[in-house]
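These notes are about the structure you will find just below.
The values are calculated or read from the model by the stated rules, or taken from the named source; none is laboratory data. Given the structure is predicted, the values throughout are model-derived calculations rather than measurements. Here the Cβ is made from the backbone with ideal geometry for all residues, glycine too, and neighbour counts use every protein chain on show. All accessible areas refer to the heavy atoms of the entire protein, side chains included, with ligands and DNA or RNA removed. Shrake-Rupley method; radii C 1.70, N 1.55, O 1.52, S 1.80 Å.
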Amino acid sequence: MSLAAYDVAIVGAGIVGAACADEFARRGLSVAVADRDQIGSGATSAGMGHVVTMDDSEAQFALTRYSQQLWQKLRDELPADVECEQCGTIWVAADEEEMEEVRCKHDYYGEREVPAEVLDAQTLQRLEPNLRAGLVGGLLVPQDLIINPPCAARFLMERAQKHGAKLHLDYSVVQAGQGRMQMTDGFEIRAKIVVNAAGAYASELTPGVEIKKRKGHLVITDRYPGFLRHQLVELGYLKSAHSISSDSVAFNVQPRRTGQILIGSSRQYGAEHRGVDSEILAHMLQRAYEYVPGLARMSTVHARAGFRAATPDKLPLIGPWPGDESLFLATGHEGLGITTSLGTARILVDQIMGTKPEIAIEPYLPSRAAKVPAHAE
Ligand SMILES: Cc1cc2nc3c(=O)[nH]c(=O)nc-3n(C[C@H](O)[C@H](O)[C@H](O)COP(=O)(O)OP(=O)(O)OC[C@H]3O[C@@H](n4cnc5c(N)ncnc54)[C@H](O)[C@@H]3O)c2cc1C
């Protein structure tokens, strides 16, 4: 049974699918979105909501910085439940070697006009008195933001709906491409453009897309207003994010407007179980206590897990999928999809509508990684 025809059909109502729906709908295209669960219930529900400019590669920098600026522009329109705060990030250096990294990062941001300030040990202690003594300094990046990811996804989807987008929740998509999106119960949506924004599950619908699930955990504490003021991340976080094989944890904490503190982060490959893994959770918390001992006295109210969608070259897949002219990808955002959702949507829609993207799109094109099955046309 076929439903109406649309300009665009999107699989996935995570933050990336929601941002794409919003962008397409606001630019006047008719949009249908299907998700087998609820809005923002996948990785988006486990996301920490740190909107961060990163410097791993020029391509990662370009997309994160562009997206962060889009979030900045959207700030005044975000409803209160998105809890958007410009708290800034402090990258914490535990020793001289990490302090050297702080200086490199500072130079990199400085050359690209991102405000950043090197902090010595005393200033770090003054800004964040609950960090343990003995840390050598850090880098303050004041324009980084925090948001509540599922609420942000809901806001974007509702805005898309106000512009006419149709949302089908609890619909599992079994086929996406060749101008249609087919659901388990036989419903079919026809569309000129089909966007696979199924996050860590994208390769189930588009064989040949190389996405690995990378599990992550998040712990949420009770309310302790004023205990922390910035998103605090250890420099070693980058080593953890870079590790492509082993399980890893890193100190990464965030103060919410409610006074709650989000504690991350962990990374695991090969963990398929959706539930919370108490062993890695214990490692993650232990790491956090090493930096902020007072966290150990706090009561935690909740722990969550989710799957990041990891690509081999650590960049997302945004654009046409070779072999099917109706099919586009918006996935593979690993640990940065909350940040880069807005930039992803912009450059995807620019590609489709023929408007000039504000950043170069080539590093993210899926053709760089396509292993199209022989039978695909
Ligand atoms: C612990 C943790 C912390 C993180 N912290 C941050 C952070 O601080 N900052 C940041 O920028 N990023 C962070 N991330 C990464 C971020 O959460 C993800 O990159 C982002 O949520 C990806 O969004 P998405 O819409 O692509 O995927 P998802 O949110 O997973 O959405 C995909 C949707 O597709 C649906 N779907 C899948 N298959 C089908 C199907 N066959 N039919 C119908 N629907 C389907 C799912 O139900 C789901 O709703 C974190 C991730 C984790 C796990």
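Could you do me a favour and compute the accessible area per residue for the chain, 1.4 Å probe, result in Å²?
40 Å²
Could you state how much accessible area residue 6 has, in square angstrom rounded to the nearest 10, with a 1.4 Å probe and all protein chains kept in place?
Answer for residue 6: close to 40 Å² accessible.
Any idea what angle helix 278-291 forms with the longest principal axis of the chain, computed on alpha-carbon atoms, 0 to 90 degrees, nearest 10?
40 degrees
I need to check one value: relative contact order of segment 173-322, counting alpha carbon pairs closer than 8 Å and at least 6 residues apart, in percent. Mind dumping the intermediate values first?
Values: 261 pairs, mean separation 39.8, N = 150.
The value is 27 percent.
Within the chain, how many Lys pairs that are eight or more residues apart, or on different chains, come under 17 Å at the alpha-carbon?
So the count of such lysine pairs works out to 9.
If I take every Cα pair under 8 Å that is 6 or more residues apart in the chain, average their sequence separation and divide by the length, what percent do I get for the relative contact order?
24 percent
Give me the angle, in degrees from 0 to 90, between the Cα long axis of helix 15-26 and the longest principal axis of the Cα atoms of the chain, rounded to the nearest 10.
For helix 15-26, the angle is close to 50 degrees.
May I ask for the net charge around residue 302, where only other residues with Cβ less than 13 Å from the Cβ of residue 302 are counted and Lys, Arg are +1 while Asp, Glu are -1?
Working: positive: 223, 256, 304; negative: 222.
Result for the local shell: +2.
Whole-Hz ³J(HN,Hα) for each residue in segment 327-339, computed from phi via Karplus 6.51 cos²θ - 1.76 cosθ + 1.60 with θ = phi - 60°, x for glycine and proline: what do you get?
Along segment 327-339, the couplings run 9, 10, 10, 9, 7, x, 8, 6, x, 10, x, 5, 4 Hz.
Quick query: amide H of residue 308 versus all other amide H atoms, modeled in the peptide plane; which residues come in under 5 Å with a sequence gap of 5 or more or a different chain?
214, 215, 216
Counting only protein chains, not ligands or nucleic acids, how are 170, 81, 350 ordered by accessible area (probe 1.4 Å), most first?
170, 81, 350
Cα centroid distance between segment 1-58 and segment 267-322, in Å?
One Cα centre to the other: 22 Å.
Count charges around residue 271 for me, please; just the other residues with Cβ under 13 Å from its Cβ, Lys/Arg as +1, Asp/Glu as -1.
In short, +3.
Whenever you get a sec, line up 189, 211 from highest to lowest accessible area (probe 1.4 Å, protein heavy atoms).
Greatest to least solvent exposure: 211, 189.
Can you give me the long-range amide H partners of residue 54? Hydrogens built in the peptide plane at 1.01 Å from N, cutoff under 5 Å, separation of 5 or more residues or another chain.
64, 65
If you roll a 1.4 Å probe over the chain with all protein chains in place, what percent of the accessible area is carbon or sulfur? Write out the running numbers ahead of the final one.
Numbers: 7720 of 15250 Å².
Answer for the chain is 51 percent, counting heavy atoms of protein chains only.
For the full complex of protein chains and a 1.4 angstrom probe, list 308, 257, 27 by accessible area with the highest value first. Let's see the in-between values first.
Working: 308 40, 257 125, 27 70 Å².
Result of the area sort, largest leading: 257, 27, 308.
Net charge near residue 121, counting Lys/Arg +1 and Asp/Glu -1 over other residues with Cβ under 13 Å of its Cβ?
Values: positive: 126, 132; negative: 95, 96, 98, 120, 128.
Charge balance in the 13 Å sphere: -3.
Using only Cα atoms, tell me the angle between helix 96-111 and the longest principal axis of the chain; keep it within 0 to 90° and round to the nearest 10.
Once rounded, the angle reads 50 degrees.
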